[in-house]
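The values are calculated or read from the model by the stated rules, or taken from the named source; none is laboratory data. Everything quoted here is computed from the prediction, not taken from an experiment. So basically every Cβ, Gly included, is an ideal-geometry build from the backbone, and we count neighbours across all protein chains shown. Areas reflect the complete protein model, heavy atoms only, side chains present, ligands, DNA and RNA absent. Shrake-Rupley method; radii C 1.70, N 1.55, O 1.52, S 1.80 Å.
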Amino acid sequence: MINYRNLIILLSFLFCLSCKGEPEKIQSAQVETLEAKDIADVSAVCSGRIIDSGDGVISEYGIEVKMDGSYKKYPHSFSSGNEFGVTLTGLTPEYTYQYRAYINDGNIQYGSEKSFTTLPSIEYTATLDQESIATHSAVVLFTFTDRLKEWGVFYSEGKPTVNDPVKKEFAKAALTLEELKSGTHYNLLPYVKDKQDKISYLPEIAFTTVKEKDVCVINGRSYVVDTLQNKRRVGDGTIYYSIALAEYPLKVYVLEVDLTDPTVQIETCLAKDSAVATERPTKMVERKKKEGYNVVGAINGDFYFYQDPVEIGIPRSGQFHQNKMVTNPTGRAGFVLGGDGKPYIDRVDFKGTLKKGSESTSIHTVNMLRLESNDKLTPNLMTLYTSAFGNTTSTTPGGTKVVVRPKVGTDFFFTANKDFECIVEEIYDNPGRSRIPKGHAVLHGRGTSADFLKQLNVKDEVTLSLKTDLRSAPDLLLDFKEMVGGSDNIILKNGVRAEGDDLYNPRTGIGYSKDKTKVYLMVVDGRQTDSKGCGMKDFGEIFRSAGAWNAVNLDGGGSSVMIVNDQIVNKPSDGSVRAVGNGVLITSQKK
């Protein structure tokens, strides 16, 4: 008998099987790799796009970057819509990286592999466009701004900080500062912000805006000042600029030295390091640099003897160099830098004395063969020759010579206002040129001075005294560190034009401010169509317009020259740099 119940169950099962189709398929997420952007030297942005989110649950997506042959995952750090990306940092400059987008919904899917190459490493800079400096504006030039998001400067009249006013730029490499005050010194703190918002601060910049309608008053007349070269820092504590007075006409060159800056020094310089020599100031600069110093600026110095070959180059007003008396002051006007670091301008007097027991006589000159102020003394002159003169004395014949050595120590260091105890080593009739033994000095007496020397004996103890004074304030200054003279004309005294001629000539001078914190070295061109030169009194007023309170005239004419960082900035009237007896240098500490 047929079992109908089982048959019905079998038919139902077969019916169900016929109704069931293929198993339903699950769609996976899809992703594509986008091109890298914001590529820099150590960073880049890599992106991807989800083109199909699929039927599963997405647990992760981001960028894989091939590192050392294998891929390293970087989960997305930002997303917008269906796009996402990663900012890669710490990359190697000039290196090619492979990368791909990925997505994980249980199964990891990848976009196509792409690559990018980082840029070469760079150093951002910000520099001032010197030609752009005006009365109320200036331009700062930035480099590699295509790699930056933002750049700018904080600016202040004092030390700049991030709390000062700021000018920002987002497009142009040239950033223009506007609405500045005229004739004002500004300090800038430049910065750059890269595309990853990293901020870097660059070296500070300093400049002074041009004064509005500058005038220079000379002898009651106002001359409009045209700027030839804007004020700029040329070395430690030193500013240089040049101007023209077209109506005069005159070209003026100025070095301004800040004596409060301990890294900068003003010192005199001897031609060929000898009292008897001439040399171009350019060569003096070269020799100083070989000693390891940075020479910021230089000018010519004193008038010098040139009539007699044996005294060629000897400074006519006297000179001190690094506290040593090179030649004695002669009563002429000069610039003095004291051991206290302060400047003085005055006539400087000298009184030398040779003592033996209770007897004494005058030492009239040090390394100088005659006194212009008293030629009658020449037949009875007493001269002290030191190592600054050279290895031998002059060829001047006649009289008596005495060789002395220090009682204590092995060498002399002849400076102002000290007594030097000596031992007589040798006495002889002067044959003319004779040797100055190392560590010794030689006294040469003529006439009555020779009579005094002849009374001495070998091994006698004698004392040399080199009294030096500012004429207007005797005993005020005992330590003379540097001294240079000129024409014996104080051209500016307490802010008032003072001494000198009214002849139009090239000029060189030196002065200082009322508070004695700044020294001004100045040269004017002359004997040229666009700069005829000036008189000494007018020169004093030009010093006053620069900020000086006192100033003295140095050697001028064809000797006048100014050197700034190895460049001759003026136009010497001879057509070339003249060899002179000494100069003034601005130096900074050894490199």
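I'd like to know if region 33-45 contains one or more residues that are more than 24 Å from residue 197 (Cβ to Cβ), in a strand (DSSP E or B) and open to solvent by less than 70 Å² (accessible area, probe 1.4 Å). Checking region 33-45: at least one residue is more than 24 Å from residue 197 (Cβ to Cβ), in a strand (DSSP E or B) and open to solvent by less than 70 Å² (accessible area, probe 1.4 Å). For region 451-478, a residue qualifies if it is small (Gly, Ala, Ser) and either within 36 Å of the chain's Cα centre (by Cα) or crowded, with 16+ Cβ neighbours inside 10 Å (or both), and the qualifying residues are 472, 473.
The sole residue among 212, 179, 247 that is at negative phi, touching a residue at least 40 places away in the same chain (Cβ under 8 Å) and either in contact with a His (Cβ under 8 Å, 6 or more places away or on another chain) or not in a strand (DSSP E or B) (or both) is 212. Quick check on this structure: which one of 373, 360 is exposed (fewer than 15 other Cβ atoms within 10 Å of the Cβ), over 36 Å from the mean Cα position of the chain (by Cα) and closer than 28 Å to residue 492 by Cβ? Criteria check complete, one pass: 373. With respect to the conditions (1) in contact with a strand residue (DSSP E or B) (Cβ under 7 Å, 6 or more places away or on another chain); (2) crowded, with 22+ Cβ neighbours inside 10 Å, residue 389 falls short on a single one, namely (1). When the residues of region 11-49 are filtered to those that are more than 60 Å from the chain's Cα centre (by Cα) and modelled with pLDDT of 65 or more, the one that is farthest from residue 102 (Cα to Cα) is 25.
On the basis of being closer than 30 Å to residue 503 by Cβ, free of Cβ contacts under 8 Å to residues at least 40 places away in the same chain and open to solvent by less than 50 Å² (accessible area, probe 1.4 Å), does residue 226 make the cut? Taking the combined requirement at face value, the residue does not satisfy it. Keeping to region 376-395, report how many residues are within 45 Å of the chain's Cα centre (by Cα) and on the phi < 0 side of the Ramachandran plot. Number of matching residues: 13.
Residue 515: under 32 Å from the mean Cα position of the chain (by Cα) and over 19 Å from residue 537 (Cβ atoms), yes or no? When the stated conditions are applied, residue 515 passes them. Exactly one residue out of 124, 95 is more than 30 Å from residue 28 (Cβ to Cβ) and loosely packed, with under 13 Cβ neighbours inside 10 Å: that is 95.
Being aliphatic (A, V, I, L, M), without any contact (Cβ under 8 Å) to a residue 60 or more places away in the chain and open to solvent by 60 Å² or more (accessible area, probe 1.4 Å), is that true of even one residue in region 56-63? Yes, because at least one residue in region 56-63 is aliphatic (A, V, I, L, M), without any contact (Cβ under 8 Å) to a residue 60 or more places away in the chain and open to solvent by 60 Å² or more (accessible area, probe 1.4 Å).
Candidates 427, 436: the one that is open to solvent by 40 Å² or more (accessible area, probe 1.4 Å) and farther than 19 Å from residue 351 by Cβ is 427. When residue 509 is tested against (1) modelled with pLDDT of 95 or more; (2) in contact with a Lys or Arg (Cβ under 7 Å, 6 or more places away or on another chain); (3) surrounded by 19 or more Cβ atoms within 10 Å (Cβ to Cβ), only condition (2) is not met. When region 50-78 is filtered for residues that are under 50 Å from the mean Cα position of the chain (by Cα), within 24 Å of residue 196 (Cα to Cα) and part of a loop (DSSP other than H, G, I, E, B), only 77 remains. Total residues in region 79-138 satisfying the condition of being in a loop (DSSP other than H, G, I, E, B), of a type outside the set (Gly, Ala, Ser) and farther than 20 Å from residue 64 by Cβ: the figure is 12.
The number of residues in region 157-177 being more than 19 Å from residue 199 (Cβ to Cβ) and hydroxyl-bearing (Ser, Thr, Tyr) comes to 1. Summed over region 148-177, the residues that are open to solvent by less than 40 Å² (accessible area, probe 1.4 Å) and of a type in the set (S, T, N, Q) give a count of 1.
Within region 178-214, the residues that satisfy the criterion of being within 20 Å of the chain's Cα centre (by Cα), within 17 Å of residue 126 (Cα to Cα) and open to solvent by 50 Å² or more (accessible area, probe 1.4 Å) are 203, 204, 206. For region 328-364, filtered to residues that are among the acidic types (Asp, Glu) and outside any loop (DSSP other than H, G, I, E, B), the residue that is farthest from residue 479 (Cα to Cα) is 359. Filtering region 528-578 to residues that are assigned to a loop (DSSP other than H, G, I, E, B), in contact with a helix residue (DSSP H, G or I) (Cβ under 8 Å, 6 or more places away or on another chain) and open to solvent by 10 Å² or more (accessible area, probe 1.4 Å) leaves 566, 572, 573, 574, 577, 578. Among residues of region 325-353 that are under 18 Å from residue 521 (Cβ atoms), those with a beta-carbon under 6 Å from a residue that is small (Gly, Ala, Ser) and surrounded by 23 or more Cβ atoms within 10 Å (Cβ to Cβ) at least six positions away or on a different chain give the pairs 334/317; 334/485. Taking residue 370, is it under 22 Å from residue 512 (Cα atoms) and among the basic types (Lys, Arg)? Taking the combined requirement at face value, the residue does not satisfy it.
Within region 296-327, the residues that satisfy the criterion of being among the hydroxyl-bearing types (Ser, Thr, Tyr) and assigned to a loop (DSSP other than H, G, I, E, B) are 306, 317. In the set 347, 405, only one residue is of a type outside the set (Ser, Thr, Tyr), modelled with pLDDT of 95 or more, closer than 19 Å to residue 582 by Cβ and open to solvent by 40 Å² or more (accessible area, probe 1.4 Å); that residue is 347. Across region 267-292, which residue is modelled with the highest pLDDT among those that are of a type in the set (Asp, Glu) and in a helix (DSSP H, G or I)? So, considering only residues that are of a type in the set (Asp, Glu) and in a helix (DSSP H, G or I), the one modelled with the highest pLDDT is 286.
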